[in-house]
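Below is one structure, written out as structure tokens; comments come after it.
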């Protein structure tokens, strides 16, 4: 019994983050009409904030090894009126001695931007946007969307489903 408890505690401890660090990126919002978010492993929360003059991405990086933690960051690319924010996370699996790397992300944007999300693993939350939202989500984790003034389109193979409320436009879930 004691051996089983010790093994359970060891596995629980090893699955947590051994290395953590904060990451951030900020881009002036002037002229940005569309934001594309490419998420990887980790939680993703996008919030429309009235009066926002910049688009901020803040995250908590987690990895089982320091060399993986160093590789976790944001990459931002502006192309005209379009801004892409990409979570750069190494594609490593969890092992018995190290947690899989992830980046838990919160992004604030002006509420009048069009939002597109491509995400692989982790929960997705989107709130308070006045225009269209398009989400392509594969992997695991729930999707929650509230207070969208435009259309909501979700392409997902997630078992946990999509929870949406107060969407003014058309809702399409595939």
Most fluctuating of 59, 161, 48 in the GNM of the chain (C-alpha, under 10 Å) is 161
Note: residue 84 to residue 136 extended length (0.36 nm per residue) minus current alpha-carbon separation gives 17.2 nm
Fewest to most Cβ atoms within 10 Å: 104, 163 sort as 163, 104
Ordered by fewest other Cβ atoms within 10 Å, a rough proxy for footprinting exposure, 62, 17 read 17, 62
Connecting every pair of Cα atoms under 10 Å apart in the chain and solving the GNM, the largest mean-square fluctuation among 144, 37, 133 falls on 144
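Each value in this text was obtained by applying a stated rule to the coordinates, not by laboratory testing. Not measured: the values here are computed from a predicted model. Cβ coordinates were reconstructed from backbone atoms using ideal geometry, including for glycine residues, and neighbour counts include every protein chain displayed.
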